[in-house]
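A.B. asks: Just dropping this structure here.
The values are calculated or read from the model by the stated rules, or taken from the named source; none is laboratory data. Bear in mind that the values here come from a model prediction, so they are computed numbers and not experimental data. Note: ideal-geometry Cβ built from the backbone for every residue, glycine included; neighbour counts use all protein chains shown.
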Amino acid sequence: MTIQRAVILLCQMYMPWFDEEEQEALTMAIEALQEKEIYMNIWEKMAHLIYMNYGGFVDWEERFFVCPECGEPIYECDWADEDLIDGRDDYICPVCESVIQ
C-alpha cells in the first residue's frame, strides 16, 4: 500500500468526526492525492531514510546528505540512481558502500 493510499483511507475513516469545513478540505486533499502520485527518486528516498533512521544531516536546497558511516557528503548531481543501490536493491553509500537501511 502506498503512503498516499494509506492517507486517503485514514482521512475517509475519520471524516465523520470533522466539521463541514474540515470535511471539504479533506475531500480536496484526497482528490489531489488521487490525481497525482508523489514521486521520489533514489537519492530522495535515501536522504529521507538517513534523516529519519540515523538523524543524519540532509540539505534539501543544495541536494546533499552526509553518509552516517563515512561522513562524506553525497550530492544528488554527482551520482546516478544505479550508483546508489546494490545488486539486492539495498540503498548503499556510493563512497564507502555501506548499506543504508
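A.B. asks: Can you find even one residue in the stretch 64-80 that is assigned to a helix (DSSP H, G or I), among the charged types (D, E, K, R) and surrounded by fewer than 14 Cβ atoms within 10 Å (Cβ to Cβ)?
C.D. replies: Looking for residues that are assigned to a helix (DSSP H, G or I), among the charged types (D, E, K, R) and surrounded by fewer than 14 Cβ atoms within 10 Å (Cβ to Cβ), one finds at least one in the stretch 64-80, hence yes.
A.B. asks: Failed condition for residue 40, given (1) at pLDDT below 85; (2) outside any loop (DSSP other than H, G, I, E, B); (3) surrounded by 10 or more Cβ atoms within 10 Å (Cβ to Cβ), with all others met?
C.D. replies: Among (1) at pLDDT below 85; (2) outside any loop (DSSP other than H, G, I, E, B); (3) surrounded by 10 or more Cβ atoms within 10 Å (Cβ to Cβ), residue 40 violates only (2).
A.B. asks: Identify the residue in the stretch 1-37 that is in a loop (DSSP other than H, G, I, E, B) and modelled with pLDDT of 75 or more and, among all such residues, is nearest to residue 90 (Cα to Cα).
C.D. replies: 18
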